[in-house]
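To keep things clear, I will list the structure first and then write my remarks on it.
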Amino acid sequence: MEFLQHYGLFLAKTITVLIAVLVAAAALSGLGSWTRGGTRERLLVTPLNRHYDEFRHALESKLLNRKSARRLARQRAKARKLAAAQRRVFVLDFDGDIHASQVESLRQEISGILTVATPDDEVVVRLQSSGGLVPHYGLAAAELARLKNRIKQLTVCIDRIAASGGYLMACVGDRILASPFAMIGSIGVVAQLPNFHRLLKKHDIDYELLTAGDYKRTLTLFGENTEQGRQKLKEELEDIHALFKDHIRRFRPQLDIDRVATGEYWLGERALDLGLVDELRTSDDYLLELSEKAQLLQLRYQQRQPISKRLTLSLASLLREAREQLLP
């Protein structure tokens, strides 16, 4: 107990200091960034080939003599220039939370690609998500579907997890790559909430809920839930599940949907056997191979946010990390 008290005090001090630092950093950012022309949003484009070249150059400079290293660099640059003229690969990252908060950035990044896309281009999405709210992930999947008929291939890479809403997005891809122990699937729908009706009744507290429409509210936190309301919510969940399965059938018709749409998840090896993914491979390995024969461009949309919101997001991230540290 004493350890937890000391740790809690230390954590509180740390958070206080970090908030002060974030306030100062945000103020400086407001002065030094986003000032040109009052720009509030921008699309950052990073050539990834250069990233791999720097690693290769660092090693080759130690392994080869200077003359040989320069000759190889010239040959590689010439070959890549020729390949880049024929093929481009755009790389997007989507790290999903329960609200699919990155969907706004994804929308803008895809719109940017579509302004220049050709039928020979490829888009690689490095996806990580355990799912979340249905409308949010439905929109994210619909955004990916915008690419389908405009580019040569949409490749989705799953290094850690694509479950539930995450797989709703992933199945849109023409090809899905997953690492051997990535978590895949969880094709199901869930709704859960506590009910405090008996507690309120015990303390003689009344709760009034007025609605127009028999099913405007099925289950509530504080009212007395009925079997009719439970059955209606169950029907709604079943309908969403049916739509989820239809969505997967449309993009991956080869799947035995009744076998995989049970709410279970599988690791990469098993997911490959079931047809949920097409190949066991990490995104790093795939992009490294592509870097030899295509121009790789990573896109990231940035939008200026008020200082208060940036501080809130930073603090929320800090508290989440602190909570994870406290968990066994």
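Values in this text are rule-based calculations from the coordinates and carry no lab data. All values reported here derive from a predicted model rather than from experimental measurement. FYI the Cβ positions are ideal-geometry reconstructions off the backbone, even for glycines, and counts take in every protein chain you see.
Between ASN195 and ARG259, the contour length at 0.36 nm per residue exceeds the alpha carbon distance by 19.7 nm. Here the extension length gained between LEU133 and ARG70 equals 17.4 nm, from 0.36 nm per residue of separation less the Cα-Cα distance. For the set LYS62/LYS152; LYS245/LYS293; LYS201/LYS234; LYS148/LYS234, the pairs lying more than 28 angstrom apart at their alpha carbons are LYS62/LYS152; LYS245/LYS293; LYS148/LYS234.
Distance between the 7 Å Cα→Cβ label points at GLN153 and GLN303: 3.2 nm.
Give, as ranges by residue number, the residues of region 183-197 whose backbone N falls under 16 Å from the point 7 Å along Cα→Cβ of LEU209. The answer is 191-197, whose backbone nitrogens lie closer than 16 Å to the label point. With contacts taken as Cα pairs under 8 Å at a separation of at least 6 residues, region 187-260 carries a relative contact order of 34 percent.
Compared with the direct C-alpha span, the chain from ASP53 to GLN231 gains 58.1 nm at full extension, assuming 0.36 nm per residue.
Approximating the spin labels as points 7 Å out from Cα along Cα→Cβ, the LEU267-to-HIS99 distance works out to 3.4 nm.
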